[in-house]
Amino acid sequence: MCLLWYNNFVKNNTKINYTPKQGRFPVFVSDLLEISDPVIAFDHVMEAIGVQKYLKGKVKSTGRLGYNPVNLLKTVLFAFRDKGYASLRTIDDECRVNIRYMYLMDYETPSYHTFGNFINEYLEDSIEDIFKDINEYLFEQDHVDLNHLYIDGSKFEANANKYTFVWKKATEKYRYALFAKITELFEKMNQELSYEGVTIQINTEYVPAYLDEVLSSYRILRKIDESTFAHGKGHRKTAEQRNVEKLIEYRDKLSEYVEKLETCGEDRNSYSKTDPSATFMRMKRDYMGNDQLLPAYNVQVGVADEYIAVVDVNRYRSDMDCFVPLMEKFKSIYGFYPKYPVADAGYGSYNNYIFCQENGMEKYMKFTMYQKEVKDEKYRDNPFRAVNFKIDDKGNLRCPNNKKMIFSHRKPVKNNNYGRQKEIYRCEDCSGCPYAEQCKKTDKNRTISLNQELTAMHREVLENLECIHGALLRTNRSIQAEGTFGVIKYDRWYKRMVRKGQQRVKLEIYLVSIGFNLHKFYNKQNRLQKAA
């Protein structure tokens, strides 16, 4: 009886719950989404800025009709807003299973190849304009203050092999060693050619073009036919063949060294063979635990009211060299410089302070010894520091023993763009000084280097940062600028470059930044709606 009841129940229940896979209402995907859904808010922003204007003149007029480029653009930008970093295969997969992506693509499912070609062909030239227009819309809606800019930088590992380094100094060393070998070969060839009254000019340095010229002339002079050269075991090479082969070898090697030095350029000392735009830098993440350098890019951001207002990708290892390019990029986007650029001690330099002074920006970048100046009273008030030496009524610098410091000479400062010079002073007489052990380390008279202009700038920076306004800006910088990289790296899981080459890396960073700003805007608006 019980078994019969169970069979009847299962049979009837199957009939009730069974539904064939058939079409249902609603037909429109948007009806399945809530009005506050992120993709609806995102689509509203895209329509407000008119994304179709970036695709005019780029759509192909021949061949099979392709996917709607506006839909492709929206889908790519939303993927970076949704994921932090979205790989091509992730976007491909989401278009097949995620209702939000179906809404943007109108049920179409392009392959990852299509998305990759679209990004490379359509976005590489216009991504900065898209970033600018999206920011202008978001900043106007959220009333963002662009006069307070919080600056920070972080090194992102490049998509390059770890042991493919090329060092500029090592290349220079090998090149000069090759010059010596070339000179030795030319001296040997001159001895062979002395009976014919021909001499090869010997220099201290050589270029590949000169070696090509010598090789061509030597072939004509000796009537050399390279097709008759001996090769393999048991064959004896002639002196002419050895000379030609050595010249070819040295020319090719010299061309390689010249190419490596040109790739390094004047502004860096290394690069990677698998991504020549990447520079080897010291990273916080050390795989081997031996403090080795890794190929990376220095990514700089300027944050205003939690949004990325400006972003730049540099090959410089030091943040100091990245400040001016970042500010110039900010001006190119918004038409003015920020009034208060706030940065950590990695940006405080004479060049950057002068740049701020010339362009109406306040000095809110810490300098190298800022923390010791603020917290270490013993260091700050040390009477034996050159900056603490007193100046008498006649304008003379006096040491702690009240001896006159005599001006000696000026010395140019390395890597300075404004002709900065250090002033060198020497004490008139240190003999019998009771402070000799504390003041100097040698038996000679005390020598100090000083730059009054830079010292005055440091005092100005201290006054700016230690006031109430400065303390508030320092706190905000550590929250907003450093917090931005924390969100990008650890919340949105973007820690390593995927593309190669500086232009492609910039494209990638702009996409990540656009996604970050759109995600931030939606979260802010959502919080305001809930609070209301």
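Restricting attention to region 120-140, the residues that are more than 16 Å from Leu507 (Cα to Cα) and of a type in the set (Ser, Thr, Tyr) add up to 1. Each residue in region 424-472 was checked for being modelled with pLDDT of 90 or more and assigned to a loop (DSSP other than H, G, I, E, B), and 1 of them qualify. Selection of region 143-176 for residues being more than 22 Å from Glu482 (Cα to Cα) and of a type in the set (Phe, Trp, Tyr) yields Tyr163, Phe165, Trp167, Tyr174, Tyr176.
Pairing residues of region 378-391 that are open to solvent by less than 40 Å² (accessible area, probe 1.4 Å) with residues that are at pLDDT below 90 and among the charged types (D, E, K, R), at Cβ distances under 8 Å and at least 6 apart in sequence or on separate chains, gives Phe389/Arg398.
Output the residues belonging to region 393-452 that are closer than 30 Å to Glu358 by Cβ, free of Cβ contacts under 8 Å to residues at least 24 places away in the same chain and in contact with a strand residue (DSSP E or B) (Cβ under 7 Å, 6 or more places away or on another chain). Result: Phe407, His409, Arg410, Pro412. Scanning region 453-504 for residues that are small (Gly, Ala, Ser) and under 30 Å from Glu157 (Cβ atoms), which turns out surrounded by the most Cβ atoms within 10 Å (Cβ to Cβ)? Looking at the filtered set, the residue picked out is Ala481.
Among the residues of region 360-372, those that are under 21 Å from Ser318 (Cβ atoms), out of contact with any Cys (no Cβ under 6 Å at 6 or more places or on another chain) and of a type outside the set (A, V, I, L, M) comprise Tyr364, Lys366, Phe367, Thr368, Tyr370, Gln371, Lys372. In the condition set (1) touching a Lys or Arg at 6+ places or on another chain (Cβ under 8 Å); (2) exposed (fewer than 15 other Cβ atoms within 10 Å of the Cβ); (3) of a type in the set (Gly, Ala, Ser), Gly515 is compliant with all but (2).
Hey, any hits in region 48-67 for a residue that's of a type in the set (A, V, I, L, M, F, W, C), closer than 24 Å to Val487 by Cα and part of a helix (DSSP H, G or I)? Checked region 48-67: no residue is of a type in the set (A, V, I, L, M, F, W, C), closer than 24 Å to Val487 by Cα and part of a helix (DSSP H, G or I).
Report yes if Leu149 is among the aliphatic types (A, V, I, L, M), modelled with pLDDT of 95 or more and surrounded by 15 or more Cβ atoms within 10 Å (Cβ to Cβ), otherwise no.
Yes, satisfied.
Would you tally the residues in region 87-113 being touching a residue at least 24 places away in the same chain (Cβ under 8 Å) and either aromatic (Phe, Trp, Tyr) or open to solvent by less than 40 Å² (accessible area, probe 1.4 Å) (or both)? The number of residues fulfilling the criteria is 8.
Is it true that some residue in region 121-129 is at negative phi, open to solvent by less than 40 Å² (accessible area, probe 1.4 Å) and free of Cβ contacts under 8 Å to residues at least 60 places away in the same chain? No: region 121-129 contains no residue that is at negative phi, open to solvent by less than 40 Å² (accessible area, probe 1.4 Å) and free of Cβ contacts under 8 Å to residues at least 60 places away in the same chain.
The values are calculated or read from the model by the stated rules, or taken from the named source; none is laboratory data. Just so we're clear, the structure is a prediction, and the values are computed from it rather than from any experiment. Quick reminder, even Gly has a Cβ in these numbers, built from the backbone with ideal geometry, and neighbours come from all protein chains shown. The protein model used for the area step is the full one, side chains on, heavy atoms only, and it has no ligands, DNA or RNA in it. Shrake-Rupley method; radii C 1.70, N 1.55, O 1.52, S 1.80 Å.
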